[in-house]
């Protein structure tokens, strides 16, 4: 595994964003998820469409959140001012030595956090 996928990448994929779909296809064998990503993605699906999401999510290992991730997340939340889900995502990535793949460069500026990869940007003006 090389990457921990943030929920926004999967949400983009389900919304038809080609950049997200391409990243997932190209890196498929090197992607893991956290329970945070799984929960955030599934929250966006109704019961009828949920099996579609589960089918894709089940293709990737879901890494656990342990006491070590919780402790690091608390520290990151204090030092970075991140919301708890973001701090937990970062902790899972860091402790598993994975890059965090997101397009949330506002909360995770890659120039400040070397473990963050922003594979594409969506122009908000379009």
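Residues in the stretch 20-44 that are part of a helix (DSSP H, G or I), out of contact with any helix residue (DSSP H, G or I) (no Cβ under 7 Å at 6 or more places or on another chain) and farther than 16 Å from residue 115 by Cα: 8 in all.
The rows are residues; the columns are (1) modelled with pLDDT of 95 or more; (2) within 20 Å of residue 30 (Cβ to Cβ); (3) surrounded by 12 or more Cβ atoms within 10 Å (Cβ to Cβ); (4) touching a strand residue (DSSP E or B) at 6+ places or on another chain (Cβ under 8 Å).
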| site | (1), (2), (3), (4) |
| --- | --- |
| 55 | yes, yes, no, no |
| 61 | yes, yes, no, yes |
| 64 | yes, yes, no, no |
| 77 | yes, no, yes, no |
| 88 | yes, no, yes, no |
| 95 | yes, yes, yes, no |
| 98 | yes, yes, yes, yes |
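Reported count of residues in the stretch 1-19, each being part of a loop (DSSP other than H, G, I, E, B) and farther than 24 Å from residue 91 by Cα, is 3.
The values are calculated or read from the model by the stated rules, or taken from the named source; none is laboratory data. The structure displayed is predicted, hence computed values, not measured ones. As a convention, Cβ positions derive from the backbone with ideal geometry for all residues, glycine included, and neighbour counts pool all protein chains shown.
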